[in-house]
Amino acid sequence: MNIDTLKATAAAMVAPGKGILAMDESHPTCNKRFEALGIPTTPEMRREYRTMLVTTPKLGQHIGGAILFDETIRDCVVDGRSFVEVLTEQGIVPGIKVDAGAKDLSLRPGEKVTEGLDGLGPRLAEYSELGARFAKWRAVYAITDTLPSQACFSANAHGLARYAALCQKYDIVPIVEPEVLIDGDHSIERSFEVTQHAQQTVFEALADQGVVLEGIVLKPSMVISGSEAKGRAGIEEVARQTLRCLLSTVPPAVPGIAFLSGGQSDEEATAHLNAMHHLGIELPWAVTFSYGRALQAAAMQAWNGQQDNLMAAQAIAYHRAQMNGLAAQGGYAAQMESPA
Ligand code: 13P
């Protein structure tokens with residue numbers, strides 16, 4: 001493990017005014033989004049769509065890293081250059097999703113544990129050869145009145161920590177992603193309680209496995225009211241509770257925190273991030289974005305599987321990246337959302 005390499009990669013991923021583009025949808029997830037728009041669910045369309053994203057002019061001004069799916073890291077854009085080459089030319093660090101998905105947790109109805117540790121070492125060695133300098137592993141926690149169980153917290157924390165340690169062995173920065181789901185009618189207080197406990201359990205497990213905190217990026221969900229809750233907390237409250245939680249769980253040695261969007265609307269996700277930089281709280285880590293849907297949804301809709309729409313879609317992709325890049329430094333305002 002080379003700490004300097006890990007630190008340099010993490011610093012590039014969360015450089016000031018930059019965040020991470022999550023474009024690592026598995027085939028079923030990508031197909032679901034394509035089907036909703038009537039786009040054919042073929043490998044060719046996935047290549048064309050992802051080519052549109054990574055060839056967006058000047059994307060690297062606001063994107064420091066891009067998370068790819070296995071299919072894409074082995075693939076070439078439509079003009080024959082590899083995706084890794086195109087990202088590198090844009091100044092964007094290539095990364096790879098390595099978990100094998102969230103599977104049912106035995107004896108715990110309604111709960112998931114993320115799998116993928118078997119054979120992970122050799123896979124990381126191969127991904128490193130292919131150009132990946134960071135990786136991602138996502139754990140999910142559903143909130144109900146009685147869940148998550150301690151079994152869910154500890155199993156997922158163990159998986160994240162074992163994955164993170166393996167990544168660092170191969171000089172790959174692990175994105176550690178404990179996602180507390182927004183689904184449900186829970187209050188923001190309940191979200192706080194679950195998110196804090198998930199993060200505490202994860203950092204204990206990281207310490208147990210000897211993971212070097214200077215060489216990770218945390219990708220948390222925000223502390224937020226459930227999507228079905230009545231009287232959902234406002235933007236400033238989400239920002240305040242999210243930071244209060246993170247300040248209680250995340251050591252200052254961690255270089256960066258990059259949020260997932262988790263079903264928030266594009267503009268909500270941007271406004272929440274921006275608000276975190278307006279609370280007058282000094283933050284020991286870079287606080288930025290690692291959005292999937294909130295960066296891609298509008299661009300995918302504009303593209304709609306038609307090459308004729310390429311430039312319009314890229315303008316929208318650039319706009320969302322720019323808005324979030326500004327928000328990561330507190331420089332965003334809703335009035336900037338003029339149609340791209
Ligand atoms: P969303 O921003 O769409 O939640 O996706 C981020 C991600 O990478 C989930 O693992």
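Couple of notes before you dig in:
- Residue within region 47-60 that is polar (S, T, N, Q), over 20 Å from THR270 (Cβ atoms) and touching a residue at least 60 places away in the same chain (Cβ under 8 Å) present: yes
- When restricted to residues that are open to solvent by 40 Å² or more (accessible area, probe 1.4 Å) and touching a residue at least 60 places away in the same chain (Cβ under 8 Å), region 298-312 contains 4.
- Members of region 30-44 found to be open to solvent by less than 50 Å² (accessible area, probe 1.4 Å) and in a helix (DSSP H, G or I), listed by number: CYS30, ASN31, PHE34
- The listed residues are ARG133, ARG162, ARG123, and the only one of them that is touching a Pro at 6+ places or on another chain (Cβ under 9 Å) and not hydrophobic (A, V, I, L, M, F, W, C) turns out to be ARG133.
- Test: residue in region 45-66 that is open to solvent by 50 Å² or more (accessible area, probe 1.4 Å), part of a loop (DSSP other than H, G, I, E, B), out of contact with any strand residue (DSSP E or B) (no Cβ under 8 Å at 6 or more places or on another chain) and at negative phi: yes
- For region 168-195, a residue qualifies if it is among the charged types (D, E, K, R) and more than 15 Å from the ligand (Cβ to nearest atom), and the qualifying residues are LYS169, ASP171, ASP185, GLU189, ARG190, GLU193.
- Qualifying residue in region 135-144 (condition: aliphatic (A, V, I, L, M) and within 24 Å of GLY64 (Cβ to Cβ)): yes
- Cross-chain or 6+ apart pairs with Cβ under 6 Å, region 122-137 first and within 14 Å of MET23 (Cα to Cα), then outside any loop (DSSP other than H, G, I, E, B) and open to solvent by 10 Å² or more (accessible area, probe 1.4 Å): LYS136/LYS97
- Hits in region 6-29 (condition: open to solvent by less than 50 Å² (accessible area, probe 1.4 Å), part of a helix (DSSP H, G or I) and within 16 Å of the ligand (Cβ to nearest atom)): MET13, THR29
- Only one of SER261, SER248 that is at pLDDT 95 or above and within 16 Å of the ligand (Cβ to nearest atom): SER261
- Count of residues meeting criterion [within 20 Å of the chain's Cα centre (by Cα) and assigned to a helix (DSSP H, G or I)] in region 84-98: 3
- Those residues of region 106-117 which are of a type outside the set (Gly, Ala, Ser) and over 23 Å from the mean Cα position of the chain (by Cα), in sequence order: LEU107, ARG108, PRO109
The values are calculated or read from the model by the stated rules, or taken from the named source; none is laboratory data. The model shown is predicted, which means the values in this text are computed figures rather than measured ones. A quick note on method: Cβ atoms are made from the backbone with ideal geometry, for glycine too, and the neighbour counts reach across all protein chains shown. Remember, those area values only see protein heavy atoms, side chains included, never the ligands or the DNA or RNA. Shrake-Rupley method; radii C 1.70, N 1.55, O 1.52, S 1.80 Å.
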